[in-house]
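Bear in mind that the values in this text are calculations on the coordinates, not laboratory data. Model, not experiment: these values are computed from the prediction.
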Amino acid sequence: MVESDHPSAGASPDPQELARAMKAFKKRLKLARLDDESSLGVGPMSGGKSSGIVAIQAPNQYPKAIWEALVAQGRLENAGHGLYQIAKPK
């Protein structure tokens, strides 16, 4: 999807759209972590190992303005190189 095709590409983001984007981000992060944990090659009798993934590329269904608005709100942090992570509580 091209950014200009998005209905709110030039306007300030709608709070409901921000909530949907945040939900999509959390889901994508969860799936990335699960995928990483499942490919560690640990045996069935071992305790396993948790994923080290903390930042992901934001889902491209939403324009960059949405992600920057979530960073401005303090809900996400820009991890650099197009990656975002959940903001740490202050």
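Things to note:
- Enclosed volume per residue, in Å³, of the convex hull spanned by Cα atoms of the range 12-86: 94 Å³
- Length gained on full extension, Q73 to R33, computed as 0.36 nm times the residue gap minus the Cα-Cα distance: 12.0 nm.
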